[in-house]
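To start, the structure itself, in structure tokens.
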């Protein structure tokens, strides 16, 4: 008996769909070559990829809040998942913003307190700004 567990990520839903189709094809081929093999393929999509227009109102609001506390944002795409994926899938505008954490999901994960405090200041600006 063998068990395979894995994950693939992309910022493109169409690339994820292509990968899923390839996996189905490979496992179907294996099943046809080895009829004695019992194959149970279960692919779960944990969250949808998304793309945010840098000119969107949501980005403008966050950029303004960062400028209010003296920071200039670096807008870039990431490959990870966050709560924003779930909100966006439900039609709620959301953007992940870094808060000073380093080495996510490792035994070396740390947070720079001064940067976490800047994140709190940004949140304050978002709440009190018109």
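FYI, it's all coordinate maths here, none of it is from the lab. Not measured: the values here are computed from a predicted model. Neighbour counts run over all protein chains shown; Cβ positions are idealised from the backbone, glycine included.
What to note about this one:
- Nearest-ten-degree value, helix 13-33 long axis tilted from longest Cα axis of the chain: 20 degrees
- To the nearest ten degrees, helix 57-68 and the longest principal axis of the Cα atoms of the chain are 50 degrees apart.
- Helix 113-128 vs. the chain, principal-axis angle (Cα, 0 to 90°, nearest 10): 70 degrees
- Percentage relative contact order, the stretch 5-130, counting C-alpha pairs under 8 Å, at least six apart: 21 percent
- Ordering 42, 103 from the fewest to the most neighbouring beta carbons within 10 Å gives 42, 103.
- Residue 56-residue 36 FRET efficiency (beta carbon distance; Förster radius 41 Å; 0.05 resolution): 0.15
- Mean separation of Cα contacts under 8 Å (6+ apart) over length of the stretch 57-128, as relative contact order %: 31 percent
- Modelled FRET efficiency - R0 30 Å, residue 110 with residue 82, Cβ distances, 0.05 increments: 0.95
- Helical content alone sets the calculated 222 nm signal of the chain at -14000 deg cm²/dmol, taking -39,500 (n - 2.57) per DSSP H segment of four or more residues and averaging over every residue.
- Sorted on the mean count of surrounding Cβ atoms within 10 Å across their residues, most packed first, peptides 114-124, 27-37, 1-11 read 114-124, 27-37, 1-11.
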